[in-house]
Amino acid sequence: MPGPRRSGMLWAALVAVTVGACAPKTGPGLINDPYEAQNRENHAFNVAFDSHVLQPVSQAYGKSVPGPLRRGVSNFSQNLDLPSYALNDILQARFASAGQNVLRFAFNTVFGIGGIFDPAGALGLPPAENDFGRTLYVWGAPEGAYLEVPFLGPSTQRDLAGTVVDIVTDPVNYIFPKRMHNYPTAAHLAARVGDRYKYNSLINSILHAPGSYQQERLIYLEKRHHDLGMPEQAPTFDPYEDPYGK
Amino acid sequence: MASELTRRRLLAGVFGGAAVVGLARPALALDTAAARALVDAVVAEVNRIINSGASEAQMFAEFQALFAKYADVPIIARAALGIAARSASPAQMTAFTQAFEGYLSRKYGRRFREFIGGKIQVTNAYPLNNFYEVDSTATLRGQPPFDLRWWVSNKSGRDLFFNMVIDGVNMLATERTQIGAMLDQEHGNLDALITRLKTAG
């Protein structure tokens, strides 16, 4: 039942999409980052938060919690993402993916003891990741400006709106008994800490390197466009024709 | 007599020309199959290195040898340095390219090391712009597979790859940003950047 806070967030998301639609368009190869100054402030905050909190906590977590237990937490968290994937699959008329995600959710919830284990994965039934940012893309919403959000990291106006909608509409909140509502949140946070531990070297090489703001922005957008299956942009320059890449 | 000479000359000229064409052919011979063969060799080498059980330092040395053999490191280095390459002296470019090769091997060697126990398979190859793109899929343990694309050109005189696109992320573009930011931090001092690159990655 959407309370006033929830509908407030929904409105915020819709406003973000509308604002995104009005954001200045950019040419090919150019990054749409009109809020760069604010984004850089948020980036500095995120980097400091990572150095002082997330990275040390993840190291403590990774070193004190045994691998199988960490995997169990991660599986449990990922299992809870599946209903939301399926919801977005339906919104995008991707019914095969919806079936795959529902089947995986049912199978792992039952045979993987609430999703702690991943027997479906072992049988070749992987998750088909999805989110409302992608739904907005499929529906034709423009990407809008690049954003870096405190705690959340890199995003775009469209993706941030999608994240908010995914949180508000997450079917798990309606499936889970009310008194257990903290469990999914706790599992997601622990899984995120676990990921920070697992990809420590990769994340450090991006986040704690010179030019980390531009680097993260470029990598996020390239990867996101790739995941969305956006039409590939022609290579921005040919190093043999133009070695200095004006 | 004269006509004989002319005929010989003509024949020599024709054969000579054919010889020149023949010599030039290897450089022009890059096609889908050759590009694919190059990446097949690279991928076999990567698979061998990551599953060899060698130490990190040994693997970095092997990756450096791999880059030196199969990648057009000078063009990657020059593109990564960008406009600053224009005002660099030849000696600086040589030093930069060498330091960059080590940096590249450590940085991407570290990423490839995360593939231990997994493998890469070439799936497709086709012409793209003025070069060839070869697609491969990396299958790692406990992770969904992702695609790894290689850009191959023969413009250096040999068939070499000059870019990798890892799950949509373009190495050349990433390194331009990275090297540019490092150079900014060194206040545009190329020699300082070279010194720094010798241990970076």
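Pull up the DSSP beta bridges for region B:48-201 and report the antiparallel fraction as a percent, rounded to 5. Please report the intermediate quantities before stating the final value.
Working: 24 of 25 bridges.
Antiparallel bridges make up about 95 percent of those DSSP assigns within region B:48-201.
Dipole of region A:145-231, Cα-centred, from +1 at each Lys and Arg C-beta and -1 at each Asp and Glu C-beta, to the nearest 20 debye?
240 debye
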Karplus couplings for region B:131-137 from phi (6.51 cos²θ - 1.76 cosθ + 1.60, θ = phi - 60°), rounded to Hz, Gly and Pro as x? 9, 10, 10, 10, 9, 9, 10
Would you kindly derive the ³J(HN,Hα) couplings of region B:47-52 from the backbone phi angles with the Karplus curve 6.51 cos²θ - 1.76 cosθ + 1.60 (θ = phi - 60°), listing them in order in whole Hz, with x for Gly and Pro? 4, 5, 4, 5, 9, 7
Per-residue accessible area for A:Y174 at 1.4 Å probe radius, Å² rounded to 10? 110 Å²
Expressed as a whole number of Å, what is the distance separating the alpha-carbon centroids of region A:65-120 and region B:172-197? 43 Å
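What is the calculated FRET efficiency for A:E36 to A:H225, with r their C-beta to C-beta distance and R₀ = 25 Å, to the nearest 0.05? Write out the running numbers ahead of the final one.
Working: r = 19 Å, r/R0 = 0.77.
Efficiency at R0 = 25 Å is approximately 0.85.
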Counting only the heavy atoms of the protein chains, how much of A:E241 is accessible to a 1.4 Å probe, in Å² to the nearest 10? 120 Å²
With charges set only on the Cβ (+1 for Lys and Arg, -1 for Asp and Glu), what does the dipole of region A:45-228 come to about its Cα centre, in debye to the nearest 20? 460 debye
Quick one: what are the phi-derived ³J(HN,Hα) couplings along region A:221-228, Karplus 6.51/-1.76/1.60 with θ = phi - 60°, whole Hz, x for glycine and proline? 5, 5, 5, 5, 4, 5, 5, 6
Have a look at the DSSP beta bridges in the protein assembly as shown and tell me what percent are antiparallel, nearest 5. 95 percent
Which part of region B:65-96 falls in the paramagnetic zone of B:S52, meaning amide N under 20 Å from the point 7 Å along Cα-to-beta-carbon? B:65-73
Any idea which of A:I116, B:Q185, B:S55 is furthest toward the positive side of the dipole for the protein assembly as shown, if Lys and Arg beta-carbons carry +1 and Asp and Glu beta-carbons -1? B:S55
Amide H neighbours of A:V149 under 5 Å, counting only residues 5+ apart in sequence or on other chains, H built in-plane at 1.01 Å? A:S155
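Any idea what the dipole of the protein assembly as shown comes to, in debye rounded to 20, about its Cα centre with Lys/Arg Cβ at +1 and Asp/Glu Cβ at -1? The partial results should precede the final answer.
Values: 42 positive and 40 negative charges, 123 e Å.
The dipole of the protein assembly as shown has a size of about 580 debye.
Within 14 Å, Cβ to Cβ, of A:Y240, how many net charges do the neighbouring residues add up to if Lys/Arg are +1 and Asp/Glu are -1? Kindly include the intermediate steps, with their values, before the conclusion.
Numbers: positive: B:R78, B:K155, B:R158; negative: A:D238, A:E241, A:D242, B:D72, B:D159.
So the environment of A:Y240 carries a net charge of -2.
The values are calculated or read from the model by the stated rules, or taken from the named source; none is laboratory data. Predicted, not measured: the structure shown is a model, and the values here were computed from it. Note that we place each Cβ from the backbone using ideal geometry, even for glycine, and neighbour counts take in every protein chain shown. Heads up: the accessible areas ignore ligands, DNA and RNA and are worked out on the full protein's heavy atoms, side chains in. Shrake-Rupley method; radii C 1.70, N 1.55, O 1.52, S 1.80 Å.
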